[in-house]
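See structure below.
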Amino acid sequence: MGELEPGLVVEVEVDEELEDGSAVELEAGVEVELEVDEELEPADEDVPAAPAWDPGIARMLEPTTRQAIAARWHSDTALPLPAGRSCPNCYHLVFHRVRGGTPPHSITFGRYRQVPLRTGDTSMDGVVELRNGQVRGVRRAGCWSFSGIPYATSGAQRWHPPAPPESWTGVRDCAEFGPVSPQPPPVPGWSPGGEPSAQSEECLTLNVWTPELDGARRPVMVWVHGGAFVSGSGAGALYRGGLLAAGHDVVVVTINYRLGMLGFLAHPALEQPGLDWLGGREWSGWGNWGLADQVAALEWISAHIAGFGGDPGNVTLFGESAGAMSVSDLLGAPAARGLFHKAIVESGPPVVFSPDAAVRRAEECAALLGVPLTRSALQQVPADELVRAVQTLRQPTGDGTNPGLAMMPVVDGGLLPEHPMVAVASGACSHIPLLIGTNRDEFAFFVIGDPRMSAMGTEDLRRWVRRLAGDDTRVSALISEVERARTRRGEPVGPRDLWTAIATEYVFRVPSIRFADAHARAGSVDGAGSGRSGAGTYVYLFTWETPAFGGSLGSCHALEIPFVMGTVANPAVQAFSGGGEDALSLSKVIQGAWVRFARFGDPGEWSQWSTDRRPTEILGPWPGASGLRHRVYRPRDEELEAVGTVAEA
């Protein structure tokens, strides 16, 4: 057994193939030898900790030591091994002093065996006892992962509320993700992948990542994926929760829910009074099946997450796009109250169909399918035909009530008795802290994929804006105001650039700001959104730019996700997110704020939102300023005001 002085570089031999920038873990029972080359000189103790791994303290160390030592991995130069040994996948481990920490003089290494603790209903081999049976996880990347756990069943009948999952005997291995809800295939070049290829109407599973299976009560962060309510899953490569869990000592959960017609077809013909759900409560309503799945997942988490080292009394619901829209909608859903305690909304203000709009959409769906609009007739249509029909639906661009989505939740008097914006404004969630924001160039993500928009000319721009602004006078005024604002900042003002800016404000930022206003007013001391909110409202604007498509997407929709999850360190993701020290540093800033918010209800040194001053945390570059985080009051206000006036009309 030897000693390793802080600052020395050692070579770690591992059996599995690793990618540059990934973390090495010790599987339960696996032995790893660390050998020191005695001719090495101590490394510079002033080397800064690598941003990606600062919070992810070296997991192979004893708990008291791991608080004081940070690990940094790289693979630039391989050290020679003793004769007769080979190491095709060697990484170097650099120990250095942690700012503010007190590392021990030396760290004793030898043959180290990692043994999980046994507490409560967990076991030494990663088995957790649930109401319906036992599940076994896998130890990897510094945490336990459990994939494909059934949290509910959609049953044999479509368009029913979710029911409790069936029980099983023995131990269920949870090493693989469950099937996804029936959906269109991903568009080549537009998806980072990762989702299982198997699809099934029985898709209600979730995935858990936790640092340890112990009695700790860690914050729980529940991710709701996006995908316009018609695609996606909790298993996407961007959404893997292991880095966030291992690096910040939280429990991360991602979920599947029903999509497309199976999840969001809504019509009074689908109503069935007397159905039970969630512990025997009576179901009411005739839509929101996918939203009900999300509530069922939260119920499951409340009942079981303590067995995974999580705190059922500290659950943060967060998501992006349709996932964030779901979070916004659930803030106004009585059935979800008490099941989550903080909310993070990334590019997803509340959106719902009115009852009449939902009925019209259901009638359109039945006509496309060529069947009567009855439960029995729709039940006979194969799932792949339901998916194809949604793909051929008329896709609105946005008319003030629909941001261009074929499927959405509905105010049906059941799960959503009123518009979520109304519920929030009335104080339904004023006790829940809210962190909400958008990306600077959200709509660029959609423009580049639509030939009608990507090749837009001046007359095309006016035609598209007319859908939002109405008469030609207002169209001209809106285009001119946005063009002047962008010209003053030195930003491009081509037709496509102007449409991206206008649509970004109209679909995402204006309703998000209004949602923040409503939440702040409902929770503020004086009822005027003064910024003295009891729960807290916090707003951000993400400005980092993607290198994808030659940088033409700017700070587009979904770009913040890998920075939140930490997957920006994944080379496959970096084609979208970008990489390098700045990207890793920004990810560290964002993860730190999100996790602090989940832990304490505030993101750190951010100003609470006020409706007059609009303090906004800029996450990314800002003109004329250095660094990657800035506080700006009323940023890019010209577009916000101009488009907001149109949206109010």
>> Using each residue's phi in segment 575-580, evaluate 6.51 cos²θ - 1.76 cosθ + 1.60 at θ = phi - 60° and report the 3J(HN,Hα) Karplus result to the nearest Hz, with x for Gly and Pro.
In response: 4, 9, 7, x, x, x
> How much accessible surface area, in Å² rounded to 10, belongs to the heavy atoms of TYR239 with a 1.4 Å probe?
Replying inline: 30
> How much accessible surface does GLU202 have with a 1.4 Å probe, in Å² rounded to 10?
Replying inline: 80
> VAL345's amide H: which non-local residues (gap 5+, or another chain) put their own amide H closer than 5 Å, with H modeled 1.01 Å from N in plane and none for Pro or chain starts?
Replying inline: LEU435, ILE436, GLY437
> Do any GluC sites (Glu not before Pro) in segment 585-638 lie in a DSSP loop with no more than 10 other beta carbon atoms within 10 Å, and if so, which?
Replying inline: GLU605
> Protein chains only, probe 1.4 Å: how do ASP293, ASP602 rank by accessible area, largest first?
Replying inline: ASP602, ASP293
> Put a dot 7 Å past each Cα toward the Cβ at SER585 and ASP356; how far apart are the dots in nm?
Replying inline: 5.4
>> Expected output is a single nm value to one decimal: the length gained when fully extending between ASP125 and ARG462, i.e. 0.36 nm times separation in residues minus the C-alpha distance. What is it?
In response: 115.0 nm
> Out of residues 5 or more away from ASN314 or on other chains, whose amide H comes under 5 Å of its own, with H placed 1.01 Å from N in the peptide plane?
Replying inline: VAL220
> Top to bottom by accessible area (1.4 Å), largest first, where do SER626, SER321, SER480 land?
Replying inline: SER626, SER480, SER321
>> If I model a spin label at THR392 and LEU275 as a point 7 Å from the Cα along the Cα→Cβ vector, what separation in nanometres do I get?
In response: 2.7
> What do you get for Rg/Rh over segment 498-649 if you use C-alpha atoms and the Kirkwood form of Rh?
Replying inline: 0.98
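Which net charge results for the neighbourhood of VAL315, defined as the other residues with beta-carbon distances under 14 angstrom from its beta-carbon, given Lys and Arg at +1 and Asp and Glu at -1?
Working: positive: ARG217, ARG218, ARG337, LYS342, ARG599; negative: GLU299, ASP311.
Summing Lys and Arg as +1 and Asp and Glu as -1 gives +3.
Can you give the Kirkwood hydrodynamic radius of segment 156-275 from its Cα pairs, in Å with one decimal? Don't jump to the answer; show the numbers that get you there.
Working: mean 1/r = 0.0615 Å⁻¹.
Radius from the Kirkwood sum: 16.3 Å.
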> Quick one: length gained pulling PHE549 to VAL632 fully straight, 0.36 nm per residue minus the C-alpha distance?
Replying inline: 27.0 nm
>> Report the per residue volume, in Å³, of the convex hull enclosing the C-alpha atoms of segment 417-555.
In response: 150
> Sorting HIS431, HIS630 by accessible area (1.4 Å probe), largest first, what list results?
Replying inline: HIS431, HIS630
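Please grab the % of Cα pairs in segment 309-411 that end up more than 25 Å from each other. Please report the intermediate quantities before stating the final value.
Working: 1897 of 5253 pairs.
Counting every Cα pair in segment 309-411, those more than 25 Å apart make up 36 percent.
The values are calculated or read from the model by the stated rules, or taken from the named source; none is laboratory data. Computed from a prediction, not measured in an experiment: that's the story for all the values here. Using ideal geometry, Cβ is built from the backbone for each residue, glycine included, and neighbour counts are taken over all protein chains shown. Protein only, heavy atoms only, side chains kept; ligands, DNA and RNA dropped before computing areas. Shrake-Rupley method; radii C 1.70, N 1.55, O 1.52, S 1.80 Å.
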